[in-house]
Every structure is written in structure tokens, then in C-alpha cells.
1. From the phi of every residue in region 152-159, what ³J(HN,Hα) in whole Hz does the Karplus formula 6.51 cos²θ - 1.76 cosθ + 1.60 yield, where θ is phi - 60° and glycine or proline is x?
2. Expressed as a rounded percentage, what relative contact order does the chain have, with Cα pairs under 8 Å and six or more residues apart?
3. I'd like the carbon and sulfur percentage of the solvent accessible area for the chain, probe radius 1.4 Å, heavy atoms only, ligands and nucleic acids excluded.
4. Mind jotting down the distance between the C-alpha centroids of region 126-162 and region 48-63, whole Å?
5. What is the extension gain from residue 36 to residue 107, computed as 0.36 nm multiplied by their sequence separation minus the C-alpha to C-alpha distance, in nm to one decimal?
6. Using the Karplus equation 6.51 cos²θ - 1.76 cosθ + 1.60 (θ = phi - 60°), what ³J(HN,Hα) coupling, rounded to whole Hz, does each residue of region 69-82 give in order, writing x for Gly and Pro?
Amino acid sequence: MNNDNREKRRPENAELRRRIDRLLIEGSNFIEKNFSDLDISEYRYEIGEAVEELSLDRETVFQLVEDYIIQILKAKVTFYEYIHKLKLDKLENRPLDYMDIRNLAHKNLGVVRNLRIKDAEKLLKIIMNEDDLDYMRLCVKALEISAVKLNPLCAYETLKLIQVKNSL
């Protein structure tokens with residue numbers, strides 16, 4: 001890569017870092033404001049519980065958590081697309097079919113249950129059962145914040161790869 005291309009990418013990388021920093025800084029306030037009843041704003045993941053209960057070593061669980069972060073950051077776009085489609089169907093008075101979004105939530109729910117990620121588990125249960133599309137959108141945003149909090153560096157690298165892929 002020549003110097004010109006590297007220079008062009010630096011502002012994008014800086015913006016992505018700022019976005020993650022904002023998510024981390026504002027995330028707790030967002031979650032407290034919108035989900036105070038769930039008692040998840042101060043939640044901190046403890047890898048030891050998953051290590052013990054799954055009888056896996058820390059490195060394996062750590063890798064599984066990173067895989068989950070990648071999975072949820074990719075899935076958030078799909079969640080938003082499903083919500084958008086449901087909103088259009090609602091506006092056009094068509095029957096609302098929640099099957100796709102509920103299936104996606106269920107798929108991710110199995111992962112967070114296995115890894116013992118309790119805040120994400122609560123959010124995914126809501127997405128699986130909720131009919132309020134605006135509240136579901138808030139849950140997806142909180143799910144993204146939850147994933148970023150697990151490992152900000154992994155989140156940054158994942159979002160950077162998604163950004164590069166989308167630019168191709």
C-alpha cells in the first residue's frame with residue numbers, strides 16, 4: 001500500500017475509533033435510560049463463570065467471546081433490516097411476520113446462554129418476544145454496546161473489516 005492510500009484511510013480509522021469510544025462512554029447512559037428495569041447498565045462480563053461451567057480453558061472461551069462479538073456486529077445490520085421491513089409492512093397495513101427477527105435473536109441467544117453473557121441474554125429475549133419495533137431497535141443498539149464492551153479492540157477490528165468489505 002502506498003503512502004497516499006494509507007493517508008486516505010487514517011481519517012476513517014480515527015472516526016471508527018471515536019465511534020467505539022462514544023459507544024463505550026455513552027453506552028451505559030443509553031442502557032440505563034432505556035433499560036433501567038433490566039438492571040444491566042453496570043453489568044460486567046465475568047469469563048470465569050463460562051470457563052467453569054463449560055469446562056473450557058480461558059483462551060477457548062475468550063476466542064468464543066470474540067466470535068460472538070464478530071457475529072453480533074455483523075448481525076446488527078440484519079436486525080435493523082428486519083425491523084425496517086416490519087415497519088414498512090405496518091405502514092402498508094400488511095400482516096407483520098416476526099419470524100426472521102425472532103429466529104436471528106434465537107440463534108444469538110443460544111450463544112450468549114452458553115457463554116453466560118447475561119446482559120445480551122436479557123436483550124435477545126426481549127427481541128424474541130417484543131412487538132414494539134421502536135423498542136426492538138433500542139434493544140439492538142444496546143446489544144451492539146454490550147458486544148463492544150466485551151472487547152473494544154475486537155469490535156474495532158471487526159467494524160474496520162466490515163468497513164473495508166463494504167468499500168469494495
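The values are calculated or read from the model by the stated rules, or taken from the named source; none is laboratory data. What you see is a predicted model, and the numbers here were worked out from it, not measured in a lab. With ligands, DNA and RNA removed, areas are computed over all heavy atoms of the protein, side chains included. Shrake-Rupley method; radii C 1.70, N 1.55, O 1.52, S 1.80 Å.
1. Calculated HN-Hα couplings, in order: x, 5, 4, 4, 4, 5, 5, 5 Hz.
2. 30
3. Here carbon and sulfur together make up 51 percent of the probe-accessible area.
4. 23
5. Length gained between residue 36 and residue 107: 23.0 nm.
6. Computed from phi, the couplings for region 69-82 are 4, 4, 4, 6, 5, 6, 6, 4, 5, 5, 4, 4, 5, 5 Hz.
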